[in-house]
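The values are calculated or read from the model by the stated rules, or taken from the named source; none is laboratory data. Treat the numbers as computed from the prediction; the structure is a model and nothing was measured. For neighbour counting, all protein chains shown are included, and Cβ atoms are generated from backbone atoms with ideal geometry for every residue, glycine included.
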């Protein structure tokens, strides 16, 4: 019993390390952005892990070897896909136009085995209720639908009505949970002296008092301190 428990723990550690290594090598990608090949690879590796834990007749060495091979092939295909657009097209397929100038492209719908109900559902999720309003609707490789409305149906932008706008403000994380991110501070073109001066203005002694701090591209500092309680009365 003790040996089985120890082996299970050891298996878990090995699989965790392999999965962590694989995720770091492939790169960050949202689940909703996974294409069909990514999905098949993930399911296959998950099945290998499950078989290794559940099926005692399935050798651990075989499962680990197969998992490593899947990981190598996944990383290799991702790398080669970056180098060759032809291979990337072969692996990931390509986007397909389902609606063009308000008309459904029947042949493409048939090729993608997509029904009119599925198309309408995806359009409604984009707040589009009339196919005639659509200039282009393109089915992406991850299964999402990109929609371009006709020019007379698109919302007005500041550019359309000649309004001058300022650049978007993006915050950089400077402090997270009391820890100073020096690299981000330097990237923002700031230094510790500037940060210390800002602390003095708000009577802050050290980073340890701060839960989160971020700075935007106009050097405005946002600070959220730790241990700030909010007492609310209920039922009165």
Considering 189, 214, which residue is surrounded by 10 or more Cβ atoms within 10 Å (Cβ to Cβ), within 23 Å of the chain's Cα centre (by Cα) and either outside the structural domain of residue 100 (by the TED database) or modelled with pLDDT under 90 (or both)? 214
The residue that is nearest to residue 107 (Cα to Cα), considering only those in the range 139-148 that are modelled with pLDDT of 85 or more and buried (at least 17 other Cβ atoms within 10 Å of the Cβ), is 139
Could you say whether any residue in the range 117-128 is at pLDDT below 90 and assigned to a loop (DSSP other than H, G, I, E, B)? no
